[in-house]
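**Q** The structure follows.
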Amino acid sequence: MATASTGNKHAATALTSRKVKGLQGDVTVPGDKSISHRALILGGLAVGETAIEGLLEGEDVINTARVMEQFGATVIREGEGRWRVQGVGVGGLAEPRNFLDFGNSGTGARLIMGLAATHPVTSFFTGDPSLRRRPMARVAKPLQEMGAQFVTRQGGLLPLAVIGADQPMPITYRLPVPSAQVKSAILLAGLNTPGRTTVIEPEATRDHSERMLRHFGAEITVTDTPEGRVIALEGQPELTAQHVAVPADPSSAAFSVVAALITPGSHVTIRNVGLNPLRTGLFDTLVEMGGDIAIVDPRDMGGEPVGDLVVRHSALRGVDVPPERAPSMIDEYPILAIAAACAEGETRMTGLAELRVKESDRLAVMATGLRACGVQVEEQADGMTVTGGRIKGGATIATHLDHRIAMSFLVLGMVADEPVTVDDGAVIETSFPGFAALMNRLGAEIA
Ligand code: S3P
């Protein structure tokens, strides 16, 4: 695979962000991480050659590309964001000859656990220290019901071995946690399972897997019922290679959006941002806070809604964020907490127990970092209340191998009286290569 050096591991490098006057300009942030993983996985499983454009070339996605190669797919990088994948066909995964390293990526590991679970191969999964702390039993449990076997560390942690089922059985599974990763793992396992695999989600989560499965020719239905969304997939379809255009990641755009809202004098345009309604909870919340965010030229891009965002500096007010909004902005609470620190009054965020099992314990890490910068924060078991005010800054933040923590505090540094440093800026490479350069082009001073 010609991946250049995009998948390399980096040594931790501190980055410092200082106060600036205002952000101006027009940018495009990298491709959507969730969609990029899925494009490589389904491309690797389809018959024929899938062409992908706009693929996120962050470490998480590169690791998924390498893993799909180990399962027998051919993955070729043709140019910036342009990749070709020659798939093996549903049921055609080869047994990997070595362990599979997913780096920092929960999405890569959990989705591919699903894929491996219903192919008659044995594979060994591992990842970085952050991923090795994250719960995998939530995925292993339904996959065991489908016939796979798992050997994990105590507590269901990586490294783990998946012994794929010889004769997989379809299940109907009600998600106990609102997780698109668990849903997607079961659906991917359902691909090589005869009969109908059904997932019931009481709270809707991002539906990129459903959209893309349909795009590749799978028979999949989604029905809204009083119990929640019922997603049913017919097993053993022939997936056919497709063209996939990946929109810019709204979770990455979030950092430029909040930076522009809180930095006086800012006026920024962010192009081609994915606006799937199951991803846009942050933008809705920021608008409720008084944020001036306009969506220009809404359009469709490969089955996903996209648009350009035009954002101007705004005086923000604290709000109560409804807990049922959490699935549509689950990755955005760190950067929302930064917006809240710059808003007038209190912002209350609840229903967020899941944040404790992300790349870091995001409730604890955000609360500690914000306090170090002089912000008043109350941390609860499943939430956090942030009181806005003047930002002192002048702290070094421990990022705990969490890209979104690193980017969030670099945004806070743009409005703090004293510079804000993050101890590990290299971790940003997992999801947003070129983050500092892009922000600096808009007028930030991150070095
Ligand atoms: C993702 C789902 C979410 C999200 C993650 C990406 C996906 O995780 O936090 O960054 O691509 O399916 P959960 O499914 O654990 O909520």
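**Q** Are any residues in segment 346-366 more than 16 Å from the ligand (Cβ to nearest atom) and crowded, with 20+ Cβ neighbours inside 10 Å, and if so, which ones?
**A** To start, the set of residues in segment 346-366 that are more than 16 Å from the ligand (Cβ to nearest atom) comprises 346-348, 350, 364.
Thr347 - this is the single residue of segment 346-366 that is more than 16 Å from the ligand (Cβ to nearest atom) and crowded, with 20+ Cβ neighbours inside 10 Å.
**Q** Just to be sure, is Glu378 of a type in the set (Asp, Glu), in contact with a strand residue (DSSP E or B) (Cβ under 7 Å, 6 or more places away or on another chain) and under 13 Å from Ala259 (Cβ atoms)?
**A** On the way: of a type in the set (Asp, Glu): yes; in contact with a strand residue (DSSP E or B) (Cβ under 7 Å, 6 or more places away or on another chain): yes; under 13 Å from Ala259 (Cβ atoms): no.
Judged against the criteria, Glu378 is not a match.
**Q** For segment 162-252, list the strands (runs of 3 or more DSSP E) that sit wholly inside it and hold at least 1 residues that are at positive phi and either buried (at least 22 other Cβ atoms within 10 Å of the Cβ) or of a type outside the set (Lys, Arg) (or both); which are they? Working first, answer last.
**A** Details: elements: 172-174, 196-201, 220-225, 228-234, 243-245.
Output list reads 228-234.
**Q** Kindly indicate whether any position in segment 32-39 is small (Gly, Ala, Ser), surrounded by 15 or more Cβ atoms within 10 Å (Cβ to Cβ), within 22 Å of Leu111 (Cα to Cα) and at pLDDT below 95. Before the answer, list the steps.
**A** Here is the first cut: in segment 32-39, the ones small (Gly, Ala, Ser) are 34, 36, 39.
The next check asks that each one be surrounded by 15 or more Cβ atoms within 10 Å (Cβ to Cβ); those that pass are 34, 36, 39.
Subset that is within 22 Å of Leu111 (Cα to Cα): 34, 36, 39.
Next cut, at pLDDT below 95 only: none.
No, because not a single residue in segment 32-39 is small (Gly, Ala, Ser), surrounded by 15 or more Cβ atoms within 10 Å (Cβ to Cβ), within 22 Å of Leu111 (Cα to Cα) and at pLDDT below 95.
**Q** If you don't mind, there's one more thing I want to ask. For segment 272-283, which positions are surrounded by 17 or more Cβ atoms within 10 Å (Cβ to Cβ) and either over 24 Å from the mean Cα position of the chain (by Cα) or not aliphatic (A, V, I, L, M) (or both)? Walk me through it before giving the result.
**A** Initial filter on segment 272-283 (surrounded by 17 or more Cβ atoms within 10 Å (Cβ to Cβ)): 272-276, 279-283.
Matches in segment 272-283: Asn272, Gly274, Asn276, Arg279, Thr280, Gly281, Phe283.
**Q** Another question, then. Got a sec? Which of Ala341, Ala326 is modelled with pLDDT of 95 or more, surrounded by 23 or more Cβ atoms within 10 Å (Cβ to Cβ), within 16 Å of the ligand (Cβ to nearest atom) and under 30 Å from Val177 (Cβ atoms)? Break it down into steps so the answer makes sense when it comes.
**A** Values: Ala341 fails: within 16 Å of the ligand (Cβ to nearest atom).
Exactly one residue qualifies, and that residue is Ala326.
**Q** Also: Condition first: touching a Pro at 6+ places or on another chain (Cβ under 9 Å), buried (at least 21 other Cβ atoms within 10 Å of the Cβ) and more than 26 Å from Gly265 (Cβ to Cβ). Now tell me which residues in segment 419-447 satisfy that.
**A** Hit for segment 419-447 is Ser431, nothing else.
**Q** Working carefully through the options Ala189, Ala248, Ala218, find the one that is more than 16 Å from the ligand (Cβ to nearest atom) and among the small types (Gly, Ala, Ser). Please lay out each step first, then the result.
**A** On the way: Ala189 fails: more than 16 Å from the ligand (Cβ to nearest atom); Ala248 fails: more than 16 Å from the ligand (Cβ to nearest atom).
Going through Ala189, Ala248, Ala218 in turn, just one is more than 16 Å from the ligand (Cβ to nearest atom) and among the small types (Gly, Ala, Ser): Ala218.
**Q** Filter segment 261-270 for residues that are assigned to a strand (DSSP E or B) and in contact with a helix residue (DSSP H, G or I) (Cβ under 9 Å, 6 or more places away or on another chain); which is surrounded by the most Cβ atoms within 10 Å (Cβ to Cβ)? Break it down stepwise before answering.
**A** Taking segment 261-270 and keeping what is assigned to a strand (DSSP E or B), we get 267-270.
Filter again for in contact with a helix residue (DSSP H, G or I) (Cβ under 9 Å, 6 or more places away or on another chain), leaving 267-268, 270.
Working: His267: 16, Val268: 24, Ile270: 27.
For segment 261-270, the residue satisfying everything is Ile270.
**Q** Can I ask one more? Is it the case that segment 367-376 has a residue that's within 16 Å of the ligand (Cβ to nearest atom), touching a helix residue (DSSP H, G or I) at 6+ places or on another chain (Cβ under 8 Å) and either of a type in the set (A, V, I, L, M, F, W, C) or not in a loop (DSSP other than H, G, I, E, B) (or both)? Break it down stepwise before answering.
**A** We begin by selecting, within segment 367-376, every residue within 16 Å of the ligand (Cβ to nearest atom); these are none.
No: zero hits.
**Q** Still on this structure, I have one more. Within segment 309-321, how many residues are in a strand (DSSP E or B) and buried (at least 19 other Cβ atoms within 10 Å of the Cβ)?
**A** At the first step, the residues of segment 309-321 found to be in a strand (DSSP E or B) are 309-312, 317, 320-321.
Retained after the next criterion (residues that are buried (at least 19 other Cβ atoms within 10 Å of the Cβ)): 309, 311, 321.
Residues meeting the conditions: 3.
**Q** Can you name the residue in segment 156-185 that is of a type in the set (A, V, I, L, M, F, W, C) and under 22 Å from Leu355 (Cα atoms) and is also nearest to the ligand (Cβ to nearest atom) among such residues?
**A** We begin by selecting, within segment 156-185, every residue of a type in the set (A, V, I, L, M, F, W, C); these are 157-158, 160-163, 165, 169, 171, 175, 177, 180, 182, 185.
Filter again for under 22 Å from Leu355 (Cα atoms), leaving 157-158, 175, 177, 180, 182, 185.
Details: Leu157: 15, Leu158: 15, Leu175: 9, Val177: 7, Ala180: 3, Val182: 6, Ala185: 9 Å.
Restricting to residues being of a type in the set (A, V, I, L, M, F, W, C) and under 22 Å from Leu355 (Cα atoms), the top hit is Ala180.
**Q** Assess whether Gly58 counts as being surrounded by 23 or more Cβ atoms within 10 Å (Cβ to Cβ), touching a strand residue (DSSP E or B) at 6+ places or on another chain (Cβ under 8 Å) and modelled with pLDDT of 95 or more. I'd like the intermediate steps shown before the answer.
**A** Numbers: surrounded by 23 or more Cβ atoms within 10 Å (Cβ to Cβ): yes; touching a strand residue (DSSP E or B) at 6+ places or on another chain (Cβ under 8 Å): no; modelled with pLDDT of 95 or more: yes.
The answer is no for Gly58.
**Q** Failed condition for Ala416, given (1) of a type in the set (A, V, I, L, M); (2) surrounded by fewer than 19 Cβ atoms within 10 Å (Cβ to Cβ); (3) more than 16 Å from the ligand (Cβ to nearest atom), with all others met?
**A** (2)
The values are calculated or read from the model by the stated rules, or taken from the named source; none is laboratory data. Computed from a predicted structure; not experimentally measured. Every residue, glycine among them, receives a Cβ derived from its backbone with ideal geometry; neighbour counts consider all protein chains shown.
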